[in-house]
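Below you'll find the structure, written out as structure tokens, and then a few comments.
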Amino acid sequence: MIQTYRHGTSVVHRMPAGAKLTVLAALALTLSAVPHGVMSITLALLAVGVLYLLARLPVRILGTEIWRLRWLVLVLGTALWIFVSPLTAWINTGRVVALLLAASLLTITTPMEQLVAVLHRLLVPLRRYGVNPDAVAMTMSLALTMIPVVASFASDVRDAHRARGIRIDARGVVPLLVRTLRHADDVGDALAARGLT
């Protein structure tokens, strides 16, 4: 499992993992359930950027995270722009970008063990209903860490295409899927070796 945590002493780093998860959940609920306009989405994106600054992370880290999302922004934004409207493209793409940047900030400023521990504590009461807290917490932590992993795979595939002078098109999805599935197999083997499957 790739660890994206960067040590720091900022107020964001010192914030309890449970509080950070609560903020992320509230942000996800607000972005998805509440109607938004251009201004509110712009403010949400700015607020996430301010959180990166509060975490005292170099600006290049925020730039890297945004750069990793470029294909998502391009595909989603262009599709919505063409088939719906520029306003819808900005609002819906902005929602997704703000949420993904916030999720990345969570993994950058919080050790994965703390996140898993909080998720485990939250799920323990559900054990009586047949929920396995260990399995669910591990699944959630793997999902969180896979975001930057798959993004880096996409970047590598694009760089390989560019180095060979190949135009990037839909065929680039195939090597990305192969690398992602191979990584998933490796993670599965590592979990099985530790008796976690």
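The values are calculated or read from the model by the stated rules, or taken from the named source; none is laboratory data. The shown structure was predicted, so the numbers you read here are calculated from the model rather than taken from an experiment. All Cβ positions, glycine included, derive from the backbone under ideal geometry; neighbour counts span all protein chains shown. Ligands, DNA and RNA are stripped out before the accessible areas are found, and what is left, the full protein with its side chains, is counted by its heavy atoms. Shrake-Rupley method; radii C 1.70, N 1.55, O 1.52, S 1.80 Å.
So is S104 of a type outside the set (A, V, I, L, M, F, W, C) and touching an Asp or Glu at 6+ places or on another chain (Cβ under 8 Å) or not?
So S104 passes the test.
Does W90 satisfy being over 26 Å from M140 (Cα atoms), open to solvent by 80 Å² or more (accessible area, probe 1.4 Å), among the aromatic types (F, W, Y) and free of Cβ contacts under 8 Å to residues at least 40 places away in the same chain?
No.
Return the residue satisfying two criteria in turn: it lies in the stretch 1-27 and is among the aliphatic types (A, V, I, L, M) and part of a loop (DSSP other than H, G, I, E, B), and of such residues it is nearest to Y52 (Cα to Cα).
Ranking the candidates gives M15 first.
Does any residue of the stretch 42-56 turn out to be in contact with a Phe, Trp or Tyr (Cβ under 7 Å, 6 or more places away or on another chain) and not aromatic (F, W, Y)?
Scanning the stretch 42-56 turns up no residue that is in contact with a Phe, Trp or Tyr (Cβ under 7 Å, 6 or more places away or on another chain) and not aromatic (F, W, Y).
If a residue has to be at pLDDT 75 or above, part of a helix (DSSP H, G or I) and either among the charged types (D, E, K, R) or exposed (fewer than 12 other Cβ atoms within 10 Å of the Cβ) (or both) to count, how many in the stretch 153-173 make the cut?
Residues that pass the stated criteria total 5.
Yes/no matrix, rows are residues, columns are (1) of a type in the set (D, E); (2) in a helix (DSSP H, G or I); (3) without any contact (Cβ under 8 Å) to a residue 12 or more places away in the chain; (4) surrounded by fewer than 17 Cβ atoms within 10 Å (Cβ to Cβ):
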position: L29; (1), (2), (3), (4): no, yes, yes, yes
position: M39; (1), (2), (3), (4): no, yes, yes, yes
position: T42; (1), (2), (3), (4): no, yes, no, yes
position: R56; (1), (2), (3), (4): no, no, no, yes
position: L62; (1), (2), (3), (4): no, yes, no, no
position: W81; (1), (2), (3), (4): no, yes, yes, yes
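Determine if the stretch 36-54 includes at least one residue that is modelled with pLDDT under 90, touching a Lys or Arg at 6+ places or on another chain (Cβ under 8 Å) and hydrophobic (A, V, I, L, M, F, W, C).
no
Of these, R121, R95, which one is of a type in the set (K, R), open to solvent by 40 Å² or more (accessible area, probe 1.4 Å) and at pLDDT 90 or above?
Just one listed residue meets the conditions, R95.
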